[in-house]
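The values are calculated or read from the model by the stated rules, or taken from the named source; none is laboratory data. Just so it is clear, the structure is predicted and the values come from calculations on it, not from any experiment. Here the Cβ is made from the backbone with ideal geometry for all residues, glycine too, and neighbour counts use every protein chain on show.
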Amino acid sequence: MEINKFLEFFKKNEIKKIENLSFNYINRKKIVTFVPLKFVDKLTFELSFAGAGKIGNYEMCSFRMKGLGTYKPGNKTKPFSGKKGKLSFEEEVRLELECGEDNLDEVIDALLTNHPYEEVAYEIYDFQKRTNVPTSVLIDFNKTFLLKEIISRINNKIQTENINLNIKINRLCITNNEPDILLYKKMKAKNCSLIAISEKNNIKFKNI
């Protein structure tokens, strides 16, 4: 049961405050490459058209930092600039864009197709971003409920783990995930000792 669905069992005037305690995180990819200054804009456009550089409602989001790259072309190379067998220096830009896991291949294809170098130097990093979707919330009620009153409102199979059904509740945590130590610490800091764990269509109550 989703948190919003759980909240539907209570009237608006019965809830004083709802505070988010934890959020859902998603996996993202960061593409880093090094490109000559005059090719930066073109490459940024091509990578963006392939699906990179999207952050929320913004497109073509990138980070750029100038630096100096070095390379020594081998005998079998066709270098973009410089001469075979000699150390070359090129003013480059470190270009960074993020993308999703689902369009990573399209972005890398665009990178390899549109980068001017014969051998493209690039790196791929994994990172996470927090979404606006909460996975646990703390509910402050305007009135005191008995646990059995809350259970009676929910048309689900309820587990209470030997909790007294007549305990009084004015603050409750509900979570969509199995609680971890960090969530328990946040609950204790908020003087909340009862948690409702939502697992698919079932809810179980647990004291901490």
Worksheet item: On the given criteria, is M65 modelled with pLDDT of 95 or more and of a type in the set (A, V, I, L, M, F, W, C)?
Response: yes
Worksheet item: Quick one: in the range 26-54, which of the residues that are exposed (fewer than 13 other Cβ atoms within 10 Å of the Cβ) and in contact (Cβ under 8 Å) with a residue 24 or more places away in the chain is nearest to Y184 (Cα to Cα)?
Response: I26
Discussion item. Here is a list: M65, M60. Which entry is among the hydrophobic types (A, V, I, L, M, F, W, C), within 20 Å of L37 (Cα to Cα) and surrounded by 13 or more Cβ atoms within 10 Å (Cβ to Cβ)?
Written reply: M60
Worksheet item: Can you tell me which residue in the range 1-16 is surrounded by the most Cβ atoms within 10 Å (Cβ to Cβ), limited to those that are out of contact with any Phe, Trp or Tyr (no Cβ under 9 Å at 6 or more places or on another chain) and farther than 26 Å from Q128 by Cα?
Response: F6
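For (1) buried (at least 16 other Cβ atoms within 10 Å of the Cβ); (2) of a type in the set (D, E, K, R), each residue gets a yes or a no:
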position	(1), (2)
I108	yes, no
L111	yes, no
P116	no, no
E119	no, yes
Y125	no, no
R130	no, yes
V137	yes, no
F141	yes, no
F145	yes, no
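Evaluate the following for I181: is it surrounded by 15 or more Cβ atoms within 10 Å (Cβ to Cβ), free of Cβ contacts under 8 Å to residues at least 60 places away in the same chain and either in contact with a Pro (Cβ under 7 Å, 6 or more places away or on another chain) or not assigned by TED's automatic domain parsing to the domain that holds A50 (or both)? So that I can check it myself, show each step before the final result.
Values: surrounded by 15 or more Cβ atoms within 10 Å (Cβ to Cβ): no; free of Cβ contacts under 8 Å to residues at least 60 places away in the same chain: yes; either in contact with a Pro (Cβ under 7 Å, 6 or more places away or on another chain) or not assigned by TED's automatic domain parsing to the domain that holds A50 (or both): yes.
No, not satisfied.
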Fill in: Those residues of the range 156-194 which are in contact with a helix residue (DSSP H, G or I) (Cβ under 7 Å, 6 or more places away or on another chain), over 14 Å from L7 (Cα atoms), outside any loop (DSSP other than H, G, I, E, B) and at pLDDT 85 or above, in sequence order
I169
Worksheet, complete the sentence: Matching residues in the range 1-44 (in a helix (DSSP H, G or I) and either under 29 Å from I181 (Cα atoms) or outside the structural domain of Y122 (by TED's automatic domain parsing) (or both)) number 8
Item to complete: Restrict the check to the range 52-71 and report whether at least one residue is assigned to a strand (DSSP E or B) and within 30 Å of R171 (Cα to Cα).
Response: no
Discussion item. List pairs: first residue in the range 140-155 and assigned to a loop (DSSP other than H, G, I, E, B), second residue of a type outside the set (K, R) and surrounded by 13 or more Cβ atoms within 10 Å (Cβ to Cβ) anywhere in the structure, Cβ distance under 7 angstrom, at least six positions apart or on different chains.
Written reply: I154/F9; I154/I203
